[in-house]
Structures are given as C-alpha cells and as structure tokens.
1. Quick one: how many residues across the stretch 1-36 are of a type outside the set (A, V, I, L, M) and free of Cβ contacts under 8 Å to residues at least 40 places away in the same chain?
2. Looking at Ala251, Ala196, Ala230, Ala210, which is the one that is over 14 Å from the mean Cα position of the chain (by Cα), at pLDDT 90 or above and under 30 Å from Gly113 (Cβ atoms)?
3. Anything in the stretch 233-245 that is in a helix (DSSP H, G or I) and over 23 Å from the mean Cα position of the chain (by Cα)? List them, or say none.
4. So how many residues does the stretch 213-239 have that are surrounded by fewer than 18 Cβ atoms within 10 Å (Cβ to Cβ) and either among the charged types (D, E, K, R) or closer than 29 Å to Arg262 by Cβ (or both)?
5. Output the residue which, of all residues in the stretch 17-40 that are in contact with a Gly (Cβ under 8 Å, 6 or more places away or on another chain) and in a helix (DSSP H, G or I), is nearest to Leu120 (Cα to Cα).
6. Of all residues in the stretch 250-269, how many are open to solvent by 60 Å² or more (accessible area, probe 1.4 Å) and in a helix (DSSP H, G or I)?
7. For the stretch 63-128, please list each of the helices (runs of 4 or more DSSP H) lying entirely inside it that holds at least 1 residues being within 30 Å of Gly36 (Cα to Cα) and out of contact with any strand residue (DSSP E or B) (no Cβ under 7 Å at 6 or more places or on another chain).
Amino acid sequence: MGALAASGAGVGTLLGSAMGAGFAASMSASALEVWGWRIPFLLGLLVGIAGYFLRRHVLDTMPMKPRKRVPIVETLQDHWRIVLGFAGLSIFNAVGFYVGFVYLVSWLQTADGIPPARALEINSFSMTIILAVVVAAGFLSDRFGRKPLLLAPVILGFFGAVPLFWLMNNRSELLAQIGQLGLVLIVGLYGGAQPAVLVEAAPAQVRCTAVALGYNICFGVIGGSTPLAATWLVERTGNEIAPAFLIMAAAAVAFFTILRFRETYRAPFAGDTSSAARIYA
C-alpha cells in the first residue's frame, strides 16, 4: 500500500511530463517560451481544486486522544533522532528522482542536443516504467524484507551513476532512454520499499508528523535544490556527467542511514515510543 501511495506522485509527474511533451510537439519553440508554458500551470489549478474537494471528504478513522503538546513540538523534542533518520533515508530518493526525472529533461537537451519534445517523450516513457517498478518493489519488500530492497538500489546507485550518465552523454536517443531506464530501476526499487519503513519505524503518537518532517522537508529542501546544484556542478567542473556525483553522495548517506535501521517487515508494528527506538538505533 505504501508503494501504491508513492506511485501516485509518479503518476502526477508522468502526466506533467506527458503534457509538456504534447505542448512542445504542437507549438513552436518561440510560442512555447513566450506564453505556451503558462497553459499547463493554469490547468494545474484544476488539480488543486479537485484535491481540495477530495480532502474535504476524507474521514479520520483513528480515535484521537487528548494531546498535552503540539505534535510538531513533541516530535522535535522527543523524536528528533528518528526525524533525522527519515531524512537520511529520503535523501537518496529525493536526489535520485530530481536528477533522474526533473533535471535530466533539460540535461538531455543541453548535453546531448536532443529536442525538447523528444526529451520529454523519453522522460514520460521512463516515468511509465517506474510506476511498475515502484509497485513491484513494495511487493518484494513484503516478501524479502525492507533493508535488502533499500540497500540494493543504493549500492547500484553509487557504482552505477557514472556509467549511466556516461551512457546518456551522447547524441543517441536510444542510449539516452536506456540510461534513464537504469535510473528507473534504481530509484523505483528504493522508492517502492521506503514508505513501509517510514511508517513502521515511527512511533504511533507522532507518526504522521515524524514522517512528514523527515520525508517532505528532505524532498523540498534537498530534492528541490538538486537541479540547481547539478547545473552549478556542471558549470563549475565543465563535466557533463557531474550530476552523477550527487547521486553517489546521496547513496553514501543513505547507505549508512539504512544500517542504523533494523528490519521491520516481520516485526510487531511500532505502536509506542519504545518499539520505535528499538527499530532505529
């Protein structure tokens, strides 16, 4: 179920990429640059309105106990270590996703000279494949454990990032697609197994707040700034495959963070502070 929820974000990115490909293919480059790019953003308002009405009809099913402290205060005071652990887990997913499926669209155009519409088509196809990989990873983590499904892509990401970028760093659209599909396998496996770990390792009374802080702040701050960092790194070094080093650095952080988490797929569900402490040491 966590993998299915994670694939929802992938569907949104896929629709955005596909819409960008459609507009780039149907409009001139000058028109798209002057005013055409605004249309998808205006259409995004409809998604926001739909989300608002959906959220209004979501019912809370968990009984709420009286709280002595505000959840965010309690989380930061008593469970800041687990929040940092969640951020450490999320950094590989954030950097890998933003490099592989956000920054890479522009990179294919500047580094390889691939037209914008074709770059978006390559990205859209990869986003379609990653949805299946994410769901499969969630299924496999229920059978073989969370940590193997986290450690395998982290190791692949550390040793495979440079070869994959080297593969994509040419004018062959086919090789660019194959290279991005390699990133699909790495990021998809990790992203499909991660949600269950976050839920199982968080204490019940602050679960939503702890996961939200560790995961979303990491994605917003680290992931959101990754395309900028990748652009700066390429300009600073003059090396087109320099963004691969960001993936390698994130993989190293995630690897040592994962080692601090204990396996949870057969453990009793963490319902209190003490059980969460035993899961993350």
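The values are calculated or read from the model by the stated rules, or taken from the named source; none is laboratory data. It should be emphasised that the depicted structure is a prediction, and the values quoted were computed from it without experimental measurement. Reconstructed Cβ throughout: ideal geometry from the backbone, glycine too, with neighbour counts over all protein chains shown. Calculation scope for accessible area: heavy atoms of the full protein, side chains included, ligands and nucleic acids excluded. Shrake-Rupley method; radii C 1.70, N 1.55, O 1.52, S 1.80 Å.
1. Count: 11.
2. Matching residue, one of Ala251, Ala196, Ala230, Ala210: Ala230.
3. Taking the stretch 233-245 first, the residues in a helix (DSSP H, G or I) are 233-237, 243-245.
Those that are in a helix (DSSP H, G or I) and over 23 Å from the mean Cα position of the chain (by Cα): Glu235, Arg236, Thr237.
4. 6
5. Phe23
6. The qualifying residues number 5.
7. 80-98, 104-112
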